[in-house]
Amino acid sequence: MILDENLVAVHAYLCADGYVIKNPLSQKHKYYKIGFRNTNLILLKDFQEKFEKVFGIKPHLYVGQRCQKGSKYIYELLTREFGSFYSWEWKMLNLNDDRLLAIWLRAFFDCESWVFCKSHKNRHIGLDSVNEVGLKQVQKALLKFGIKTKWKINSNRTTKRIIIYGKENICKFSNNIGFLHPEKNKKLHECINDYVNYIWNFPSENKSRKMFVLKLLKEKIRINKNRSLKIFSKEEINLIHLSSDLKRFFKVFSIVRCAINGQGIVYYELGIYRKGDISKLISLKVIPNVFK
C-alpha cells in the first residue's frame, strides 16, 4: 500500500475513533467491518472521502454516528499491513516525511484531543489514551516539530495523558498541525489570542516613535523613594529600545539591568538616576515635579 496523505489520515482515524474488526470465532455469522465513529460531520466526510480514494469503495455515512464499510478484503489488507487497531494495540506509522506526519497527527488530535482556554490562567491542548506505547510515539512525533509536551498519569484511571502548554508550543501546533475539527480550531485560536504580547511595538517613523516613547513614559514610569525613576518589563528588548530612544530624542541617560523578585521571577528594569535627566522629564511633563 502507498502511504500517501489519504491512507495516512485513514490510518490515524482508525487508530483514534475507528475499528477494524471481524466476528468472534464463536459466532457462525461472518462479518468484517472497517469504520470510524464520530459525531462531527466534517470529520466523518473527510474519512469517507479519503477511504474511497485509498480503496476505491465509498463507505456508508451515518450522520452523527459513524462511517462504515464491510469488506473482508480491506480488513485483511489493513491488519496484514498495520496490525491491530484496538485501543491498547495501535501503533503510529513510521513516517519520515514531515508533511505526512503532520497529517497523521492532525487526524488523531481531531478525534482524541481537547482544547482548554481559561483566560490568562490555563491554556492547553490535551490528549488521553489507554495506549501508553502509542501515546509515547505521538509525544516523540510532536518533538519533530519542536512541540514539547508534559506527561501525566491519571490517578484511578487506565488512561495516560500528554499536555501541550505554553504559547510557543501551542503556536507550533497551530502552524504545523492544526485542526480540521471547526470547534477545536476555533478554541485553538482563542488560546493563542489570549496570550499577552509583552513586546512593545515601537513605530519606525521618528515623529510617531517620539510620541510613542512619551506616552510609554507617562504610563509606565515609577518614582522611587530615593528620587530615581524606574520602568519595568518582562522583556529586556523593550527597555533596550526605550533606553536608546531616551538618549536619542531627549538626551536622557538610563541604565537597563536584570533583576529577580522575591518569588524568583526574572524581570528587567530601566533606571534614570541623574538629577539633570529627571529635570528634563519634569519639563516635558512626563512626571509631576514631586521633588520641590
Taking GluC sites (Glu not before Pro) that fall in a DSSP loop and have at most 13 other Cβ atoms within 10 Å as cut points, what is the longest piece of the chain between them? 90-204
Per Stokes-Einstein, at 10 °C and 1.306 mPa s, what whole-number D in µm² s⁻¹ belongs to the chain, with the Kirkwood radius over Cα pairs as the hydrodynamic radius? 68 µm²/s
Inter-label distance, nm, simple model (7 Å from Cα along the C-beta direction), N224/E236: 1.9 nm
Inter-part distance where the range 93-115 and the range 1-62 are each reduced to a Cα centre, Å: 16 Å
So for R0 = 22 Å, FRET eff. of I192-K140 from the Cβ-Cβ r, to 0.05, ends up at 0.35
With the contact rule set at Cα under 8 Å and sequence spacing of 6 or more, what percent relative contact order holds for the range 206-283? 29 percent
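So what's the convex hull volume per residue for the Cα atoms of the range 206-283, in Å³? It would help to have the intermediate numbers written out before the result.
Numbers: hull volume 7.1 nm³, N = 78.
Dividing the Cα hull volume of the range 206-283 by its residue count gives 91 Å³.
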Backbone HN-Hα couplings from phi across the range 231-241 [Karplus 6.51/-1.76/1.60, Hz, Gly and Pro as x]: 10, 10, 7, 7, 10, 4, 4, 4, 6, 5, 4
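How big is the C-alpha Rg of the range 29-158 next to the rule-of-thumb value 2.2 N^0.38 Å, as a ratio? Could the numbers behind the result be given before it?
Working: Rg = 16.6 Å, N = 130, 2.2 N^0.38 = 14.0 Å.
So the Cα radius of gyration is 1.19 times the expected 2.2 N^0.38 Å.
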Please report, for the Cα atoms of the range 133-292, the Rg to one decimal and the Dmax as a whole number; what are they, in angstrom? 22.8, 71
Evaluated at 20 °C with a viscosity of 1.002 mPa s, what Stokes-Einstein diffusion coefficient in µm²/s does the range 5-90 have when Rh comes from the Kirkwood expression over alpha-carbon pairs? 165 µm²/s
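Whole number please: convex hull volume per residue, Cα atoms of the range 115-197, in Å³.
Working: hull volume 8.2 nm³, N = 83.
So the per-residue Cα hull volume is 99 Å³.
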Rounded to whole Hz and in sequence order, give me ³J(HN,Hα) for the range 266-282 from the Karplus expression 6.51 cos²θ - 1.76 cosθ + 1.60, θ = phi - 60°, writing x for Gly and Pro. 7, 9, 10, 9, 9, x, 10, 10, 6, 4, x, 5, 5, 4, 4, 6, 5
Dimensionless Rg over Rh [the range 201-247; C-alpha; Kirkwood]: 0.98
Given 10 Å bins starting at zero, what is the percent of C-alpha pairs of the range 62-106 in each, up to the one with the largest pair distance? 21, 36, 40, 3
Under 19 Å from a label point 7 Å along Cα→Cβ of L180: give me every residue in the range 3-23 with its amide N that close. 3-20
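Throughout, read-outs are computed from the coordinates displayed, never taken from laboratory work. This is a predicted model, so every value here is computed, not measured. Glycine also receives a Cβ, built like all others from the backbone with ideal geometry; neighbour counts cover every protein chain displayed.
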